[in-house]
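Here the structure comes first, spelled out in structure tokens, and everything after it is commentary.
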Amino acid sequence: MDEDEKAALTEAIRNALRMIIDPEIGRNIVDLGLIYEIAVEEGGIARIAMTTTTRGCPASDYLKDAVSNCVWYVPGVEYAEVRLTYEPPWTPEMMAVEG
Amino acid sequence: MQGATLSRWTMSYFALACLMLVAGQGLMLAGYGYPAVAVSAPETLVLVHILAIGWLSLLMAGALLQFVPVLIARPLVGGRFAAPALLLIVAGLGALVGGFVALSGAIDLPLALLPLGGGLLLAGFVLLAAVLAATLLAARPLPLPARFVAVGLSALVGAALVGFAFTLALSGTSDNLLLVRLVADGVDLHAALGLGGWLSVTALGVSYRLLAMFLLAPEAERPTSRIVWWAASLAIGLVAACIPVVLLAASGVTALFAAAFLLTLAAVLLYGGDVVHLYRSRKRKQAELNIRATFAAFGALLLSVALLNLPGVRAGEGLAAVVYLFVFGWLTGLGLAQLYKIVAFLTWLEAYGPVLGRAPVPRVQDLVDEGRGRVLFWFYYGAVAAATLALFAEASGVFRAAVLVQLAATLGLIGELIRARRLCIVPKALRAPVGMVRPHLFLPTFVSRR
């Protein structure tokens, strides 16, 4: 898997994640800045670091599961690992555009 | 697991709370309690406790079981006690109301219902407070909103203890002189601990977090917010200090109360400044209806606390009208406004959380119809203002007419909550994706899914 293929898979994952909305704000989690990192490694291993708008939000587990499910279904992904982090904490400034 | 999950019994607390709100307003409409009889009459006590315990306290308890874990980003400790606490509180309220009815002489019931009710309520509230306190203790040092909740829980236990002591004296179970003094001179502090310390201080604290969440505003702890906490805590401390003063029949209660109200006014003014700051720094262009409807409640809070600082009002002139504004304009207005959002949010989590990422789902906002809600809130607050003025003017006919409108608006808002639970408003294309879980109206989902 060369760098171009990894970059293409990263982009495919990012696009797939756009179907997941934050239920409260109603915008997709990529444009909200909730996806901190998408790392693709050799053999189609994808590692995602994500956050939620509010620490302790009851929707956190659902969002994490949704990201995991979504990434597993992206063609080319053989293994997906999703990590929920609050470092740094999300701020509204991380949104792509005003919500 | 980083924090909170769905609180299983919160919706049951909410459903019972709404029923009690309807019952309380229904009784007022029927002319039961004040102003037809005296403020201190047993009939009025029935009404007051249905509203303060049945409606407001159950609402607050259900909300805290869901949102304390959000405030501290840790799971609830001892959540299995939420249902027993609810049963104890509801049974206690039933017995207490039965005791007041016996006291009124309307039905021949044993007066022992009073201490039974007081005891059950004390047990229920202590159990609830213990669950929430254990949850908070695991998260020290506490963030500021959680510290408000801690003060509120202390006031709840204080109010329940004083209330239990009242029932012992009122039922004749004990003729201890100290209890007799407490009943004679301690009603104000019981009410201040309950409506002010427990319900209002807790609401202020939780609202700091919820407003920031819903408005997408920065959650920085401002120095003014810390002063609000100190002022509110000190005010509650002064009210609590009135208990030994009353028991010893010493003087100073009036001065302590005056100082507590002054501190409360300062806290409310600073809190208002904090809310305006949060609103102005929001990233969300359009504040949703629950926020807009909350602003009217904040106005009622400010007005009623300002009026309570007038010595004439505290001495009894128009006091019932001010308390009405406080209970229905501030606490109930805030409660209904936040329920409007929280019910939709929790329903979304139950219904669509499990299919998120697998199918297109609606937004939380799609579960409500803000157009209808807005009209209902206008009617509600308009009716509260009219009812308050009618009480000031001692126009009982106008008061009941205003209560009729208020009750109709409340029923309309409860109808909107039911429509949200039933997913009636969600666009058909998004309503029922495969794997979606249709929530029960008010019972926990796990009951029928085992």
Contacts under 6 angstrom Cβ, first residue in the range B:350-368 being more than 7 Å from chain A (Cβ to nearest Cβ) and within 14 Å of B:Arg438 (Cβ to Cβ), partner of a type in the set (Gly, Ala, Ser) and crowded, with 18+ Cβ neighbours inside 10 Å, 6 or more apart: B:Leu367/B:Ala344; B:Leu367/B:Ala420
Those helices (runs of 4 or more DSSP H) lying entirely in the range B:359-450 with at least 2 residues under 25 Å from the mean Cα position of the chain (by Cα) and not hydroxyl-bearing (Ser, Thr, Tyr): B:370-392, B:396-421
Of all residues making up the range A:1-35, the number that are surrounded by fewer than 16 Cβ atoms within 10 Å (Cβ to Cβ) and under 25 Å from B:Trp348 (Cα atoms): 4
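If we scan the range B:393-401, do we find a residue that is under 18 Å from B:Leu339 (Cβ atoms) and not aromatic (Phe, Trp, Tyr)?
No.
On the given criteria, is B:Leu334 away from chain A (no Cβ under 14 Å) and of a type in the set (A, V, I, L, M)?
When the stated conditions are applied, B:Leu334 passes them.
Look at B:Leu204 and say whether it is outside any loop (DSSP other than H, G, I, E, B), closer than 14 Å to B:Val275 by Cβ and touching a helix residue (DSSP H, G or I) at 6+ places or on another chain (Cβ under 8 Å).
For B:Leu204, the condition - outside any loop (DSSP other than H, G, I, E, B), closer than 14 Å to B:Val275 by Cβ and touching a helix residue (DSSP H, G or I) at 6+ places or on another chain (Cβ under 8 Å) - is met.
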Single match in B:Leu376, B:Leu404 (criterion: more than 14 Å from chain A (Cβ to nearest Cβ), surrounded by fewer than 17 Cβ atoms within 10 Å (Cβ to Cβ) and at pLDDT 95 or above): B:Leu404
Criterion violated by B:Met213 - all others in (1) part of a helix (DSSP H, G or I); (2) more than 14 Å from chain A (Cβ to nearest Cβ); (3) out of contact with any helix residue (DSSP H, G or I) (no Cβ under 7 Å at 6 or more places or on another chain) satisfied: (2)
Condition broken by A:Thr54, with the remaining ones in (1) over 30 Å from B:Ala139 (Cβ atoms); (2) at the interface with another protein chain (Cβ under 7 Å from one of its Cβ atoms); (3) β-branched (Val, Ile, Thr) satisfied: (1)
Those helices (runs of 4 or more DSSP H) lying entirely in the range B:229-319 with at least 3 residues in contact (Cβ under 8 Å) with a residue 24 or more places away in the chain: B:253-280, B:289-308
Among the residues listed as B:Val183, B:Val157, the single one being at pLDDT below 95 and among the hydrophobic types (A, V, I, L, M, F, W, C): B:Val183
Residue in the range B:337-349 that is nearest to B:Leu59 (Cα to Cα), counting only those that are facing chain A (nearest Cβ under 8 Å) and in contact (Cβ under 8 Å) with a residue 60 or more places away in the chain: B:Leu346
Residue selected from the range B:47-77 under the condition within 14 Å of B:Ala134 (Cβ to Cβ), at the interface with chain A (Cβ under 10 Å from one of its Cβ atoms) and among the aliphatic types (A, V, I, L, M), by the criterion farthest from the chain's Cα centre (by Cα): B:Ile72
Test: residue in the range B:21-34 that is crowded, with 21+ Cβ neighbours inside 10 Å and not in a helix (DSSP H, G or I): yes
The range A:57-72 residues that are free of Cβ contacts under 8 Å to residues at least 12 places away in the same chain and more than 7 Å from chain B (Cβ to nearest Cβ), paired with ones that are crowded, with 19+ Cβ neighbours inside 10 Å and of a type in the set (A, V, I, L, M) (beta carbon under 7 Å, 6 or more apart): A:Trp72/A:Ala80
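The values are calculated or read from the model by the stated rules, or taken from the named source; none is laboratory data. All values derive from a computational prediction rather than experimental measurement. Neighbour counts are summed over all protein chains in view; Cβ atoms, including those assigned to glycine, are modelled from backbone coordinates with ideal geometry.
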